[in-house]
Every structure is written in structure tokens, then in C-alpha cells.
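The values are calculated or read from the model by the stated rules, or taken from the named source; none is laboratory data. For clarity, every value in this text was computed on a predicted model and none was experimentally measured. FYI the Cβ positions are ideal-geometry reconstructions off the backbone, even for glycines, and counts take in every protein chain you see. Quick note on the areas: whole protein, heavy atoms, side chains included, nothing else; ligands and nucleic acids left out. Shrake-Rupley method; radii C 1.70, N 1.55, O 1.52, S 1.80 Å.
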Amino acid sequence: MLFRVNTIVVAVCFLLLLMPQSFAEAATHIEVSVDQLNIRSAPGTTSQIVGTIAKSTRLPVIAQQKEWTQVKLTNGKTGWVLNKYVKMLDIPQIKYVKSNVDMLNVRAEPNATAQILQIIDKNGVFLQVKKQGDWVQLKLSDKVNGWVNARYVTETAAPAPKPAPTPTPTVPVAPKPPVAGNGQPVGTILLPEGYEVYVEPNILSTVIGQLNGGTTINQYGYANGWYKISFNGSYAYIFKPVVQPEPGQEQPADFPGTPNPGTGQAEASIRILNADTNLRVGPGTNYQVVGTVQPGQVFPIVQTVGDWYVIRLADQSTAYIASWVVERVQPAGQPTPGATSSGVGYNNGMVGNEKVYIYHTHNRESWRNVASNTKGTSVDDPVTNITLVGKRLGELLQASGIQTMVNQDDFAQKLAEQKKSFSMSYTESYKAVSAAASASPNLQYFFDIHRDSDEPRSTVALTINGKTYSRILFVIGTANPSYLENKKLAENLHARLEALYPGLSRGIILKGTNEGNGVYNQSISEGALLLEFGGTNNTLEECYNTAEAFANVFINYMLESQIAIK
């Protein structure tokens with residue numbers, strides 16, 4: 001009898017292993033993994049096609065039937081997709097809790113000895129961010145989370161919505177770009193359809209509610225497709241999806257090959273590559289945004305101004321658009337030779353599924369023992385330089401299954417071609433960084449790898465167990481809204497380096513605008529770091545050793561993060 005029971009258990013486990021992951025685990029959303037996926041009216045390849053959706057689009061799951069999944073489209077309708085062309089995602093949903101005791105300590109960490117941040121009573125209602133063992137993390141305010149013991153809280157209904165703050169009427173003197181963060185809305189949005197509301201600007205973060213189509217709301221900022229809004233008394237986020245054309249919808253007037261009105265001949269045009277690409281009133285990111293355009297749309301070029309195109313829109317008005325987030329097409333509709341799908345001249349070879357992006361703003365930084373240029377304070381070389389260290393780090397991460405893009409653009413050469421000074425390096429590298437962020441929605445970590453200046457070897461070199469390393473320094477710019485999260489990541493990695501390679505990390509330094517750039521492109525993500533690998537008096541081999549040590553630490557960090565999420 002016991003043998004028979006064991007046999008049944010083994011058989012059941014074997015069947016579970018054979019089941020598709022989409023059925024073994026409950027999925028709340030799907031993500032399209034092919035370039036274009038048909039949406040069908042019923043589960044079957046012979047049923048009517050009711051639309052198509054692009055790669056990386058995420059939609060909520062309604063139902064599942066064998067190898068098919070029914071999803072809710074952005075227009076509110078439903079359709080069916082074939083499971084083998086999508087990834088199944090489990091996105092946590094909203095849960096509110098309240099204390100079941102009069103005085104409950106809220107702590108900084110999930111343990112009974114951590115610092116007490118606040119004491120709550122039975123009257124408050126809080127968003128549950130996540131659960132870890134016997135502890136629950138609560139959202140105390142827009143910026144602060146805290147931990148309580150799970151046995152002292154119970155699930156409850158969401159708090160009643162609070163009205164959004166009323167904007168103070170102002171009379172603008174001149175058009176200026178919106179500035180978020182001063183507590184006042186920078187505009188309003190009329191929602192064309194229903195939207196899910198997220199606690200963070202991340203599709204995998206907690207969904208805390210739903211807004212109905214036809215609602216007008218205040219928005220307090222916009223970045224990477226996410227609008228910051230007020231919801232239930234605190235800030236939250238909604239994502240503006242790409243609106244897919246209805247079946248039979250006509251193409252826009254400005255389609256490749258459409259004659260230029262009044263000339264009788266076709267013009268050179270640009271094709272939009274990324275969702276919600278900004279249109280501006282002038283040639284620069286400091287100019288006001290006047291609208292957005294979507295992937296696949298094509299517009300004629302009226303004029304080129306530096307790195308910007310002036311394009312003509314369907315209503316015959318004009319606007320400026322950055323050249324590095326579009327591709328140029330010839331009048332016949334073919335891409336211009338040399339243009340890449342990730343932006344003109346940037347990120348060649350990028351696939352779109354990367355999680356880590358490595359680049360080198362000062363890409364020709366080299367070492368005194370090999371550099372071809374050592375005049376003055378410069379220690380540079382066009383070939384043997386810091387990009388080799390980034391390449392080694394990328395190879396190590398790739399070998400461990402972490403999808404990584406290593407940028408090999410020569411920013412120094414691009415500056416020279418444009419007759420721009422070295423001080424514009426971060427402005428130039430930001431073009432590649434922003435294009436990468438748009439091309440790969442999975443990107444979480446951005447590492448800008450440098451080597452430090454003429455520091456003595458006693459400061460920048462360290463021997464551990466007979467192996468010499470270049471010591472690593474974390475640089476965090478404080479002039480961007482993500483710097484606290486970036487600093488937290490740096491502190492985590494520094495602590496891990498200290499545990500495995502004592503003394504290898506030189507620590508973390510914070511720099512504002514009065515000490516340097518102050519931003520260092522780190523506003524692009526909460527996982528952006530500037531890493532100084534040694535200095536001019538190290539060697540390439542020592543930097544390779546440090547790349548291996550850093551890769552070891554970061555790989556473990558990624559694995560533990562994934563386990564914590566699961």
C-alpha cells in the first residue's frame with residue numbers, strides 16, 4: 001500500500017513538471033514575446049483576427065483554456081492569444097490592512113530589534129507592500145515604508161478616496177517644461193479608457209486600484225511612459241499604453257511614400273521607434289513637451305537642427321524630435337544605411353530583453369603603463385581602455401544568465417565630430433542610455449564604468465590571497481530624484497564586497513552639482529551607478545580581476561533578489 005501511494009505521488013510530481021509554467025503558476029498578466037502577435041475572437045488559429053499587439057506589451061489575463069489565454073485589451077475589449085508566444089506574469093494585487101491592537105510598533109526592518117519608525121492604532125488603514133516571513137511591510141507615506149508583525153494586522157477594505165489638491169491658478173509668462181515635485185500638478189489627463197493604478201512606476205509593482213475611462217485627473221510628473229498621479233491621498237502611477245489601431249483603420253496621412261503636399265514628390269522621413277516619444281517646441285530636452293507619438297508612425301523631415309529633426313505632423317503643424325530615438329527612412333520607405341533599431345548610431349546589437357546596461361561615458365580612459373596619450377593629466381587610449389573592463393563584466397553576467405548590453409560607442413569621437421567639448425560627455429552618453437531604456441523595457445541596472453584619476457597605488461590597488469585588484473569606488477549623484485535608491489543599491493553591493501573581498505571597495509561618495517555633474521545619468525533608473533575601477537596607476541589585468549569580483553557579488557545579489565520576489 002505504501003509503495004502504491006509513493007508511486008502516485010511521484011507520478012503527480014512528474015505531471016506537474018510537464019505542465020506549462022503558465023498553468024503550474026497562476027498568472028495575472030501576459031507579456032508578448034514576439035514582434036507582432038495576433039489577437040483572435042476565440043481560442044483557435046482559425047478564428048477571426050480582431051487585432052495585433054507588439055512585442056513587450058503586457059495585458060491582464062481574463063481566463064485560460066488549454067494552450068490559449070483570454071486577455072483584456074487596452075480598448076476594453078477581450079481577445080485570445082496563443083500561450084507559446086507570450087510570457088506569463090504574476091503581478092501582485094492590492095491589499096489593505098489595519099492594526100488589530102491599539103499600539104503597534106512599525107519598524108525599519110523585519111525584526112523585533114529594528115528601529116521603531118511609528119506607532120499605529122486600530123483606526124489607520126495602510127497599503128500592504130509585501131510580506132516576508134512573519135512580517136508585513138506597510139506604506140506609511142509616499143516615501144516611507146515600515147514593517148509590522150503579521151499577527152497584529154488584518155486585511156480590510158481600501159480607504160475612501162481623497163480629493164486631489166486643487167492647483168493654484170497661475171498666469172504663465174513664457175512656455176516652460178513641467179517641473180514635478182513641488183506639490184502642485186503640472187497638468188491634467190483625460191483618460192480614454194480604464195487604467196490600473198500602481199504603487200510604483202513599474203508594471204510588476206502592486207496594483208492599488210482602477211480608474212475608469214472618461215475620468216479627468218491631475219498629473220504630477222511623467223517619465224518613461226508613467227504618469228505620477230494622486231490616488232487615495234498619496235502619489236501613485238498609471239502607465240500610458242500604446243494604442244493599437246482597430247481592424248480596418250486607415251494609416252496616418254504621413255506614411256512612407258506619401259507625396260509632400262504641394263511638391264508632388266516624396267520626402268525623407270523618420271520612423272518612431274519607442275512608445276510615448278516626446279515632441280517638443282525646440283531642439284533640446286529643456287523645451288516644453290507638446291505631445292507624444294508612438295512606434296511605427298512616420299513623419300516627413302522639414303529641417304535638421306543639430307541632433308534634432310523638425311517634423312511635419314498630420315495637421316501640417318511642426319515639432320522637434322530627438323534624432324537618437326528615431327530611425328531615418330528614405331523616400332522609398334527603406335531605413336537609411338547605418339541607422340540602427342535602437343536609435344541613430346547607438347547601442348548596435350541590442351536585443352531588447354536586457355536587464356543590465358553597461359556603458360562608459362569617458363570611454364577612452366586608460367592606464368599609465370599602456371596608454372598612447374599621457375600628456376598633462378590625460379591618460380587615454382582609443383583601443384586599450386576602460387571599455388575592455390565593461391566588456392569583461394558583461395561577458396561574466398551573460399555567462400550567468402543575466403541578459404546584458406555592453407555599449408561600445410566611442411563618445412569621445414562623437415563629441416569631436418560635433419565639435420563639442422569634453423564637458424558634454426554625459427549629455428552625449430545620455431542619448432545612448434535613454435535610447436536603451438526605451439528599446440528594452442526590462443532594463444533595471446545601468447552601470448557607467450570609469451577609472452579614477454592619478455591616485456597612488458596604495459589607494460587604488462589591493463592584494464587578496466596573492467591576487468591584485470583595482471579598488472572600486474561608488475559615485476552617486478545627488479541632483480536627481482532617484483539618488484536615494486541608487487545609494488541604497490550601492491550600499492548593498494559595498495557591504496557584499498566587504499564580506500567577500502575585505503577592503504576592495506573604497507566606499508561610496510555623493511556628489512552634487514557643486515562638485516561635478518551631480519546627475520551622472522542616474523535619473524534614468526533607481527538601479528544606476530557610476531563605478532570607478534581603480535585609477536591611472538592600476539593595470540588592465542587588475543581591473544579584470546575586480547570585474548570578476550564585482551560580477552560574483554552582483555550575480556549573488558540578483559539571485560537573492562529573484563528568490564525574495566518569488
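Within the stretch 355-363, can one find any residue that is open to solvent by 10 Å² or more (accessible area, probe 1.4 Å), more than 30 Å from Val290 (Cα to Cα), outside any loop (DSSP other than H, G, I, E, B) and modelled with pLDDT of 90 or more?
no
I'm trying to understand the selection: among the residues of the stretch 420-449, which are closer than 28 Å to Gly349 by Cβ and either open to solvent by 60 Å² or more (accessible area, probe 1.4 Å) or acidic (Asp, Glu) (or both)? Give the derivation first.
To start, the set of residues in the stretch 420-449 that are closer than 28 Å to Gly349 by Cβ comprises 420, 422, 424-449.
Passing the criteria: Lys420, Phe422, Met424, Thr427, Glu428, Tyr430, Pro441, Gln444, Asp448.
Go through (1) in contact (Cβ under 8 Å) with a residue 40 or more places away in the chain; (2) more than 27 Å from the chain's Cα centre (by Cα); (3) closer than 22 Å to Thr156 by Cα and name the single condition Ser141 misses.
(2)
Yes or no: Asn514 in a loop (DSSP other than H, G, I, E, B), more than 20 Å from the chain's Cα centre (by Cα) and closer than 30 Å to Tyr222 by Cα?
Numbers: in a loop (DSSP other than H, G, I, E, B): yes; more than 20 Å from the chain's Cα centre (by Cα): yes; closer than 30 Å to Tyr222 by Cα: yes.
Spelling it out, Asn514 is indeed in a loop (DSSP other than H, G, I, E, B), more than 20 Å from the chain's Cα centre (by Cα) and closer than 30 Å to Tyr222 by Cα.
Looking only at residues that are in contact (Cβ under 8 Å) with a residue 24 or more places away in the chain and either surrounded by fewer than 22 Cβ atoms within 10 Å (Cβ to Cβ) or basic (Lys, Arg) (or both) in the stretch 455-464, which one is nearest to Ser429 (Cα to Cα)? Give the steps one after another, and end with the answer.
Of all residues in the stretch 455-464, those in contact (Cβ under 8 Å) with a residue 24 or more places away in the chain come to 455-457, 459-462, 464.
Going one step further and asking which of them are either surrounded by fewer than 22 Cβ atoms within 10 Å (Cβ to Cβ) or basic (Lys, Arg) (or both), we end up with 455-457, 459, 461, 464.
Values: Glu455: 25, Pro456: 29, Arg457: 29, Thr459: 28, Ala461: 28, Ile464: 34 Å.
Taking the candidates together, the pick is Glu455.
Mind counting the residues in the stretch 474-510 that are under 28 Å from Thr427 (Cβ atoms), open to solvent by less than 60 Å² (accessible area, probe 1.4 Å) and among the charged types (D, E, K, R)?
1
Being modelled with pLDDT of 60 or more and either open to solvent by 80 Å² or more (accessible area, probe 1.4 Å) or touching a Lys or Arg at 6+ places or on another chain (Cβ under 6 Å) (or both): is that true of Gln210 here? Don't jump to the end; show me each part of the working.
Values: modelled with pLDDT of 60 or more: yes; either open to solvent by 80 Å² or more (accessible area, probe 1.4 Å) or touching a Lys or Arg at 6+ places or on another chain (Cβ under 6 Å) (or both): yes.
Judged against the criteria, Gln210 is a match.
For the stretch 303-325, which positions are part of a strand (DSSP E or B), exposed (fewer than 14 other Cβ atoms within 10 Å of the Cβ) and hydrophobic (A, V, I, L, M, F, W, C)?
Passing the criteria: only Val305.
For Arg451, which of the numbered conditions (1) closer than 26 Å to Glu485 by Cα; (2) without any contact (Cβ under 8 Å) to a residue 12 or more places away in the chain fails to hold?
Just one mismatch for Arg451, condition (2).
Those residues that are open to solvent by 30 Å² or more (accessible area, probe 1.4 Å) and assigned to a helix (DSSP H, G or I), I need them from the stretch 397-419; list them, please.
Hits for the stretch 397-419 are Gln398, Ala399, Ala412, Gln413, Lys414, Ala416, Glu417.
Conditions tested, residue by residue: (1) modelled with pLDDT of 85 or more; (2) touching a strand residue (DSSP E or B) at 6+ places or on another chain (Cβ under 6 Å).
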| residue | (1), (2) |
| --- | --- |
| Asn6 | no, no |
| Val10 | no, no |
| Pro20 | no, no |
| Ser41 | yes, yes |
| Pro60 | no, yes |
| Trp68 | yes, yes |
| Gly79 | yes, yes |
| Val86 | yes, yes |
| Lys95 | no, yes |
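Taking Ala108 and the conditions (1) loosely packed, with under 15 Cβ neighbours inside 10 Å; (2) at pLDDT 85 or above; (3) more than 30 Å from Asn480 (Cβ to Cβ), which numbered condition does it fall short on, given that it satisfies the others?
(3)
Suppose the filter is more than 23 Å from the chain's Cα centre (by Cα), of a type in the set (Gly, Ala, Ser) and open to solvent by 70 Å² or more (accessible area, probe 1.4 Å); does Ser378 pass it? Talk me through it step by step, then tell me what you get.
Details: more than 23 Å from the chain's Cα centre (by Cα): yes; of a type in the set (Gly, Ala, Ser): yes; open to solvent by 70 Å² or more (accessible area, probe 1.4 Å): no.
Taking the combined requirement at face value, the residue does not satisfy it.
Given the criteria buried (at least 18 other Cβ atoms within 10 Å of the Cβ) and part of a strand (DSSP E or B), does Asp452 qualify?
Details: buried (at least 18 other Cβ atoms within 10 Å of the Cβ): yes; part of a strand (DSSP E or B): no.
No.
Would a scan of the stretch 348-365 turn up a residue that is more than 25 Å from the chain's Cα centre (by Cα) and touching a residue at least 12 places away in the same chain (Cβ under 8 Å)?
Step one: filter the stretch 348-365 for residues more than 25 Å from the chain's Cα centre (by Cα), giving 364-365.
Cutting the leftovers down to touching a residue at least 12 places away in the same chain (Cβ under 8 Å) gives us 364-365.
Among the residues of the stretch 348-365, at least one is more than 25 Å from the chain's Cα centre (by Cα) and touching a residue at least 12 places away in the same chain (Cβ under 8 Å), which makes the answer yes.
Determine, yes or no, whether Lys467 is within 24 Å of Gly221 (Cβ to Cβ), at pLDDT 90 or above and open to solvent by 20 Å² or more (accessible area, probe 1.4 Å). Show your work before the answer.
Details: within 24 Å of Gly221 (Cβ to Cβ): no; at pLDDT 90 or above: yes; open to solvent by 20 Å² or more (accessible area, probe 1.4 Å): yes.
Considered against the rule, which asks whether it is within 24 Å of Gly221 (Cβ to Cβ), at pLDDT 90 or above and open to solvent by 20 Å² or more (accessible area, probe 1.4 Å), Lys467 comes out as no.
Do you know which residues across the stretch 364-423 are basic (Lys, Arg) and out of contact with any Pro (no Cβ under 7 Å at 6 or more places or on another chain)?
Kept after step one, since they are basic (Lys, Arg), are these residues of the stretch 364-423: 364, 368, 375, 391-392, 414, 419-420.
Those that are basic (Lys, Arg) and out of contact with any Pro (no Cβ under 7 Å at 6 or more places or on another chain): Arg368, Lys375, Lys391, Arg392, Lys414, Lys419, Lys420.
Table: residues versus (1) closer than 30 Å to Pro456 by Cβ; (2) in a helix (DSSP H, G or I); (3) in contact with a strand residue (DSSP E or B) (Cβ under 9 Å, 6 or more places away or on another chain); (4) modelled with pLDDT under 85.
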residue: Tyr346; (1), (2), (3), (4): no, no, yes, yes
residue: Asn369; (1), (2), (3), (4): yes, no, no, no
residue: Gly376; (1), (2), (3), (4): yes, no, no, yes
residue: Pro382; (1), (2), (3), (4): yes, no, yes, no
residue: Glu395; (1), (2), (3), (4): no, yes, yes, no
residue: Val433; (1), (2), (3), (4): no, yes, yes, no
